[in-house]
Each structure stands twice: as C-alpha cells, then as structure tokens.
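In what follows, a structure is listed as structure tokens, so that the remarks can point back to it.
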Amino acid sequence: MVRVSAVHEPDFFLAFSRTPFYILGAMAADDGKTPDDPTPIIAAPTDVAPLSHTQPKPPHERTADEEADVIDWEKLAASERFRTLLRAKKRFIIPAMIFFVVYYFALPVLIGYARPFMERRVIGPVNLAYLFALSQFFMAWIIAALYVRAAARFDRMADEVIGKSDERSAS
C-alpha cells in the first residue's frame, strides 16, 4: 500500500513514517499474520532444533554447568603443567604487545620529534613517514601470524594439561 501522489514529488513517506514496513505491505513476506511485536515468534524456544542424540552429550555441546563436574578446575589450576602453560603464554604475549605498542606509537613520536628524518623522500613523493605508516599494517599481520603459530603450541600444551588431569581423575 504505497501512497501515490498526483504531483510527481519524491515519496519520503516510507522512510519517515512511524508505521513499520511490514504493516504497510512493503515487505514481500507480509502475509498479514505478523503481529506488531514479532519477538515471541523469533525468540521462541521452538527455534532451536532438538538434538538427535541422547546423553551423554559430546564435549563440544556441553554447557559450563554440565562441564563443572567433569574436570576438577581447582586442581587443574594448581598443577605445574597449567602454570607452565601460563608462563609460556606470558612469554609470548607480553613482549609482542610491548613491541607492537612501541612500534605503533613510534610513528607519531618520530613525526613530532624527527620531522626532517621522516620527511626524507624514498621513492618519488613517498617519504619515510608513509612507508612507516604502511609498515604498521604488515607488522600487525606478522604479529597475528606469529600468534596463530604460538596459539597452536598453546593448544597442544592445554590438551596435555587437560589430558593429564583426566588421567589422574580416572585413576
């Protein structure tokens, strides 16, 4: 139901109306059955498909509450392997973060305090400041790639920590 005017003027009616589009018939799926507030339909528990398997659930489908009794987290956090994992993460993350923050803030500092150096032309109109600014993108990608590689090692260490914990709790 779009308003047609006799004079050929832009129709801003739809954009500025207070009536939702689905009530005006502007949406293809409007069949007149949609209530003013579709939240009960959209967020209904029936939107979640029932799982086809019975208990026990696979690990990737368990909630935190269901997982609480599976692993003794207190004992796990006190284990030497877990502390080794945390130290390994800190050895990578803290230096990488410090390096990147220093590298990132070096550009404005160098532009402010070493302007003649940063204005030095390298290729045509491109100066060192532009190259340094572009290098920050590459540096972020390099650090991200290094982290992905280190995270794979951290995941293996975490699997060992949980695996050793499972073996102890089984015996």
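The values are calculated or read from the model by the stated rules, or taken from the named source; none is laboratory data. The structure presented is a predicted model; accordingly, all values stated were derived computationally and were not measured. Quick reminder, even Gly has a Cβ in these numbers, built from the backbone with ideal geometry, and neighbours come from all protein chains shown.
One line per residue, one yes/no per condition, for (1) among the β-branched types (V, I, T); (2) more than 26 Å from I162 (Cβ to Cβ); (3) not assigned by TED's automatic domain parsing to the domain that holds I162:
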| residue | (1), (2), (3) |
| --- | --- |
| S79 | no, no, no |
| M97 | no, yes, no |
| V101 | yes, yes, no |
| F105 | no, yes, no |
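Sort through A158, A152, A145 and tell me the only one that's closer than 30 Å to D72 by Cα, under 24 Å from the mean Cα position of the chain (by Cα) and without any contact (Cβ under 8 Å) to a residue 12 or more places away in the chain.
A152
Condition check ((1) surrounded by fewer than 11 Cβ atoms within 10 Å (Cβ to Cβ); (2) within 25 Å of A88 (Cα to Cα); (3) at pLDDT 95 or above) across all residues:
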| residue | (1), (2), (3) |
| --- | --- |
| Y103 | no, yes, yes |
| A106 | no, no, yes |
| E119 | no, no, no |
| G124 | yes, no, no |
| W141 | yes, yes, yes |
| L146 | no, yes, yes |
| R168 | no, yes, no |
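Can you tell me which residues in segment 59-96 are closer than 18 Å to A158 by Cα, part of a helix (DSSP H, G or I) and of a type in the set (D, E)?
Within segment 59-96, E67, E74, E80 qualify.
Suppose we filter V122, V109, V102 for residues that are out of contact with any Phe, Trp or Tyr (no Cβ under 6 Å at 6 or more places or on another chain) and not in a helix (DSSP H, G or I); which single one remains?
It is V122.
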